[in-house]
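The values are calculated or read from the model by the stated rules, or taken from the named source; none is laboratory data. All values derive from a computational prediction rather than experimental measurement. So basically every Cβ, Gly included, is an ideal-geometry build from the backbone, and we count neighbours across all protein chains shown. With ligands, DNA and RNA removed, areas are computed over all heavy atoms of the protein, side chains included. Shrake-Rupley method; radii C 1.70, N 1.55, O 1.52, S 1.80 Å.
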Amino acid sequence: MKKLSYRAELQKRQDVSIEPAWASKVERWYQLDEMGFAFCEALHTWDYLKDAIRPDLIILAIEGSSNRADKDFVTSGSNSPAKFVYTLPNISAAIIFQMLKVNGKVYCLSNGKDTVNLAAREAQAFAESGKNVWVFASPVMESSSFNREIIFSEYPS
Amino acid sequence: MFVIDYDCLTAAGPHKENLMTALFEGKVCSHHAEKNDWQSDLVPGGLVALIQNRDATQSTVRDYLSQNLNALWKQIYKNLSQENLTQFMKSKVGLVFASTKGCVEDYIHKISDEASKNQSDPFFDICQDFTKLNPEISFAKSLTVSNACCSSHVALEYVQDIFDSQQLDFVILIAADLVGPFVYKGFNSLKVLSHTENRPFASDRDGLQLGEALAVVLLSRKPGDSKIQISQVASDTEGSSITRPSVNGLGLIRSLQKIKSKRSDLKPDLVIAHGTGTRFNDQAEDQALGEFLHEIGKPLTPITNTKWAIGHTLGASGCVDLIAGCEILKKQKVFSIKAHDLKDPQFKMNYLLGDQNITEPVEQILVTSLGFGGVHASLLLEKKNL
């Protein structure tokens, strides 16, 4: 199974005065929340995905869902449309598709602390029934200075 | 997959019968939001269709959703035929929750920044509560699908895949979203809330009205004695824009074409459109439906919708529209968009407006949905075709 990972320190807000290398691929990149920014950095790093055969299904599994973006929206006064759109748990899918210039089927799944493992089990089960599945997951990294990891896994292995 | 039974609680009332009465009788269930709706510092005036008799200050969203989803389920369970009950009790059963924001309103306004990083997602507790309230059911799977306002459609597509791979025999699909300060302020910040009236597909449409709904649908892999089948569900997510549907409704066309690829004899008698009443959504939907219905030789297929009456119920809206479609198939009676009778002259399609009606039999219904994050979806609902 192809597995890639990217560690993201979401504590720091990105400096929007510095244009990232992938800026031209993403609509209003400077409004991305930290999770969206991390996805873009990861995808830019992963050359493998640029030419990989596209899957039948993408599973998006972000532990804790959009809690961080939800809190960000509330603490900013709850009047920022740019912050509100990132409070939708599936929004990273649109960013992934902008980066990879593809379209397709996405299941944004969650189940508390089991979210990342759930995605792996679901992908395995779908792979056994003949589907090619990509999983983009993000567990909470409690014992690390990096507090998020973006993980890509491809099924079947 | 087959629809065994269903019910919903909306601003129209506590059951599906109330929903259908509102749609047939032209009852608009919304009001202009007031500060005392949630005792919050929001900008009043946006249209909201709130569930009656729910005091948002007296119970948490979690408690309200858990208790009332369970009450809807208990009624369905009680009404199961002996054949379905026997099958259900000896089969593999799953629980799928479809929601856009779950019970986020319960904690997000008071939790610290630090604690929010480790807070569980706003959906988990609802699934947990439901399984605990139904210990007689051994759930083989329990999870949430949250694909914005297409959550119900995408959840149904997930169930379709689960059934196709024979992982489960039954799924209890629960869907719910409520409106509170977080959701209201979010949509208000996007300037998509109507402050006048919700008029889907009208030339002077100026936005959506937020709604609340809880819905439960029991789905089966095998027909049993079901009379209704969801023949196909398909979604398409793309990245052309985060908050707007794709240009010319392309994503929706792709989802409809996926359905057609599995059903070459697709001849819908009716479309229940997403129809939020916002400028861009309705335009994209009109273009997509126009192109697709012409392609299949059914350009005059009547189009109706539900949001003018009970509001846009976000992640639950697909389930509410599914239930409305099931009732149309059963009763052979179609509701129109009674909120207005003036179609946008730029739109080409055959919208059922005002007191317009159709008398032809309805065998196939397409139900469409659009959501933030570039997601577009549709499903084909029909009388059982075996």
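Can you spot a residue in the range B:225-240 that is farther than 30 Å from A:Gln98 by Cα, within 14 Å of chain A (Cβ to nearest Cβ), open to solvent by 10 Å² or more (accessible area, probe 1.4 Å) and at pLDDT 95 or above?
No, the range B:225-240 contains no residue that is farther than 30 Å from A:Gln98 by Cα, within 14 Å of chain A (Cβ to nearest Cβ), open to solvent by 10 Å² or more (accessible area, probe 1.4 Å) and at pLDDT 95 or above.
Taking the range A:118-152 on its own, how many of its residues are assigned to a strand (DSSP E or B), open to solvent by 10 Å² or more (accessible area, probe 1.4 Å) and away from every other protein chain (no Cβ under 13 Å)?
Result for the range A:118-152: 2.
Specify which of the listed residues (B:Asp321, B:Asp341) is within 22 Å of the chain's Cα centre (by Cα) and not hydrophobic (A, V, I, L, M, F, W, C).
B:Asp321
Please specify each residue of the range B:4-22 satisfying the condition of being open to solvent by less than 20 Å² (accessible area, probe 1.4 Å) and touching a Ser or Thr at 6+ places or on another chain (Cβ under 6 Å).
Within the range B:4-22, B:Leu19 is the sole residue that qualifies.
How many of the residues making up the range B:151-166 are in a helix (DSSP H, G or I) and open to solvent by 50 Å² or more (accessible area, probe 1.4 Å)?
Qualifying residue count for the region: 1.
Which ones in the range B:163-184 are over 30 Å from A:Glu128 (Cα atoms) and in contact with a Phe, Trp or Tyr (Cβ under 8 Å, 6 or more places away or on another chain)?
Correct list: B:Ala176, B:Leu178, B:Gly180, B:Pro181, B:Phe182, B:Tyr184.
Exactly one of (1) more than 22 Å from B:Glu327 (Cα to Cα); (2) outside any strand (DSSP E or B); (3) not charged (D, E, K, R) is unmet by B:Val48. Its number?
(2)
Are any residues in the range B:260-283 open to solvent by 10 Å² or more (accessible area, probe 1.4 Å) and closer than 18 Å to B:Asp344 by Cβ, and if so, which ones?
Scanning the range B:260-283 gives B:Thr278, B:Arg279, B:Phe280, B:Asn281, B:Gln283.
Please state which of the following conditions B:Thr359 fails to meet, knowing it meets all the rest: (1) modelled with pLDDT of 95 or more; (2) over 17 Å from the mean Cα position of the chain (by Cα).
(1)
Taking the residues in the range A:48-67 that are at pLDDT below 90 and on the phi < 0 side of the Ramachandran plot as candidates, determine which candidate is most open to solvent (accessible area, probe 1.4 Å).
Among them, the one singled out is A:Asp51.
Would you check if B:Thr196 is closer than 28 Å to B:Thr368 by Cβ and more than 7 Å from every other protein chain (Cβ to nearest Cβ)?
Judged against the criteria, B:Thr196 is a match.
On the given criteria, is B:Asp177 over 19 Å from B:Ser91 (Cα atoms), crowded, with 22+ Cβ neighbours inside 10 Å, of a type in the set (Asp, Glu) and touching a helix residue (DSSP H, G or I) at 6+ places or on another chain (Cβ under 6 Å)?
yes
Filter the helices (runs of 4 or more DSSP H) completely within the range A:46-117 down to those with at least 3 residues that are under 17 Å from B:Thr243 (Cα atoms) and under 13 Å from the mean Cα position of the chain (by Cα).
A:91-100
Would you confirm, using the coordinates I've provided, whether B:Thr243 is in a strand (DSSP E or B) and within 12 Å of another protein chain (Cβ to nearest Cβ)?
no
Inspect the range A:83-102 for any residue being at negative phi, free of Cβ contacts under 8 Å to residues at least 24 places away in the same chain, of a type in the set (Ser, Thr, Tyr) and within 7 Å of chain B (Cβ to nearest Cβ) and give the result as yes or no.
Within the range A:83-102, one or more residues are at negative phi, free of Cβ contacts under 8 Å to residues at least 24 places away in the same chain, of a type in the set (Ser, Thr, Tyr) and within 7 Å of chain B (Cβ to nearest Cβ).
Restricting attention to the range A:9-23, does a residue exist that is part of a helix (DSSP H, G or I) and either free of Cβ contacts under 8 Å to residues at least 24 places away in the same chain or open to solvent by less than 30 Å² (accessible area, probe 1.4 Å) (or both)?
Checked the range A:9-23: at least one residue is part of a helix (DSSP H, G or I) and either free of Cβ contacts under 8 Å to residues at least 24 places away in the same chain or open to solvent by less than 30 Å² (accessible area, probe 1.4 Å) (or both).
Of all residues in the range B:76-112, count the ones that are free of Cβ contacts under 8 Å to residues at least 40 places away in the same chain, within 12 Å of chain A (Cβ to nearest Cβ) and among the polar types (S, T, N, Q).
1
Scan the range B:362-381 residue by residue and report those that are of a type outside the set (Gly, Ala, Ser), touching a strand residue (DSSP E or B) at 6+ places or on another chain (Cβ under 6 Å) and surrounded by 24 or more Cβ atoms within 10 Å (Cβ to Cβ).
Residues satisfying the conditions are B:Ile365, B:Leu366, B:Val367, B:Thr368, B:Leu370, B:Val375, B:His376, B:Leu379, B:Leu381.
Could you list, in sequence order, the residues of the range B:113-123 that are open to solvent by less than 50 Å² (accessible area, probe 1.4 Å) and facing chain A (nearest Cβ under 8 Å)?
Selection gives B:Ser116, B:Lys117, B:Ser120, B:Asp121, B:Pro122, B:Phe123.
If a residue has to be within 11 Å of chain A (Cβ to nearest Cβ) and in a loop (DSSP other than H, G, I, E, B) to count, how many in the range B:132-150 make the cut?
Counting residues in the range B:132-150 that are within 11 Å of chain A (Cβ to nearest Cβ) and in a loop (DSSP other than H, G, I, E, B) gives 2.
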